1. I need the full set of residues from the range 56-95 which are part of a helix (DSSP H, G or I) and under 15 Å from the mean Cα position of the chain (by Cα), in order please.
2. What residue, of 23, 15, is surrounded by fewer than 24 Cβ atoms within 10 Å (Cβ to Cβ), assigned to a helix (DSSP H, G or I) and free of Cβ contacts under 8 Å to residues at least 40 places away in the same chain?
3. Test residue 242 against the stated conditions and say whether it is under 23 Å from residue 101 (Cα atoms), crowded, with 16+ Cβ neighbours inside 10 Å and at pLDDT 90 or above.
4. Test residue 210 against the stated conditions and say whether it is under 25 Å from residue 23 (Cα atoms), out of contact with any strand residue (DSSP E or B) (no Cβ under 6 Å at 6 or more places or on another chain) and buried (at least 23 other Cβ atoms within 10 Å of the Cβ).
5. Looking at 142, 114, 99, can you tell me which residue is in a loop (DSSP other than H, G, I, E, B) and either within 30 Å of residue 24 (Cβ to Cβ) or touching a helix residue (DSSP H, G or I) at 6+ places or on another chain (Cβ under 6 Å) (or both)?
6. Would you say residue 237 is buried (at least 21 other Cβ atoms within 10 Å of the Cβ), closer than 23 Å to residue 102 by Cα and touching a residue at least 40 places away in the same chain (Cβ under 8 Å)?
7. Out of the range 296-311, which residues are in a helix (DSSP H, G or I) and at pLDDT 80 or above?
8. Quick check on this structure: which one of 85, 44, 90, 104 is over 25 Å from residue 163 (Cα atoms) and either buried (at least 24 other Cβ atoms within 10 Å of the Cβ) or in contact with a helix residue (DSSP H, G or I) (Cβ under 8 Å, 6 or more places away or on another chain) (or both)?
């Protein structure tokens, strides 16, 4: 089972690497956007699937990374990624540290509401102060570069860089969740009280996971800013946090592969229901079709899309012959 999951991941990344050979400009742009969403979804998967923390303020870290990329980019020339990218990640991680120190004292629905409140505070700064350009947003006039080797103003270069970022984040989280630190997070997810009784400082583990998650979301924000060359407050709005939560639920909570699959499924479903060629005037109401599809997916696929093969095997051969069911929160199998 483990080998099949590794093979699937390798083949999926290989397919993404070869995709530009057969895709046009629109396809490359679309898949680049989806891969950025996948990086963002992985950041939340670490909290929800890996630690059991449902955060509804993830968009704040995404937006801070994006705004930092634009605000710190010089107008006359492209900034060097050697310093701009780490600064964007650290800025998001720093805000995550502040939010985590204050919000992790709570739990359950109170934790959800506190993280949402901090995201709304970041939204206010971007929307209602000159710093973020208000509702008009701000533009990145020149994209970052790395000497003459990497120029992110080129769509294919940005595609390759985004894919490399996605693979790096996926590999990093896979190793992290298989480490002693990851095992501690899994214990906290299952029974935090028991972890405390065995001598673990659960607050410090949760805070570390929260900061790492915020930094990864900041990386996604940097990529968003570079891709669009523009940021506005909508990037920090609460519905962005809701969308990324839907992605990991749709793909399958507790599986790193599920976060990536969910990001692709969510984005492609959006494109499908927005297609006037397929749905005509109904495409104007694409949210209705998307919402009904997500409701049906949650009802029919309790393990998410990543659990479909196991679910089919159980239907065909019975639970006893289909192998052990994948647990809902097993993030260390990649």
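The values are calculated or read from the model by the stated rules, or taken from the named source; none is laboratory data. Remember, it's a predicted structure, so these values are computed and weren't measured experimentally. Note that we place each Cβ from the backbone using ideal geometry, even for glycine, and neighbour counts take in every protein chain shown.
1. Within the range 56-95, 58, 59, 60, 61, 62, 63, 64, 65, 66, 89, 92, 93 meet the criteria.
2. Working: 23 fails: assigned to a helix (DSSP H, G or I).
The unique qualifying residue is 15.
3. Working: under 23 Å from residue 101 (Cα atoms): yes; crowded, with 16+ Cβ neighbours inside 10 Å: no; at pLDDT 90 or above: yes.
The answer is no for residue 242.
4. no
5. Working: 114 fails: in a loop (DSSP other than H, G, I, E, B); 99 fails: in a loop (DSSP other than H, G, I, E, B).
Testing whether each residue is in a loop (DSSP other than H, G, I, E, B) and either within 30 Å of residue 24 (Cβ to Cβ) or touching a helix residue (DSSP H, G or I) at 6+ places or on another chain (Cβ under 6 Å) (or both) leaves just 142.
6. Numbers: buried (at least 21 other Cβ atoms within 10 Å of the Cβ): no; closer than 23 Å to residue 102 by Cα: yes; touching a residue at least 40 places away in the same chain (Cβ under 8 Å): yes.
So residue 237 fails the test.
7. Of the residues in the range 296-311, the ones in a helix (DSSP H, G or I) are 296-300, 305-311.
296, 297, 298, 299, 300, 305, 306, 307, 308, listed by residue number.
8. Details: 85 fails: over 25 Å from residue 163 (Cα atoms); 44 fails: over 25 Å from residue 163 (Cα atoms); 90 fails: over 25 Å from residue 163 (Cα atoms).
104 is the lone residue from the list that is over 25 Å from residue 163 (Cα atoms) and either buried (at least 24 other Cβ atoms within 10 Å of the Cβ) or in contact with a helix residue (DSSP H, G or I) (Cβ under 8 Å, 6 or more places away or on another chain) (or both).
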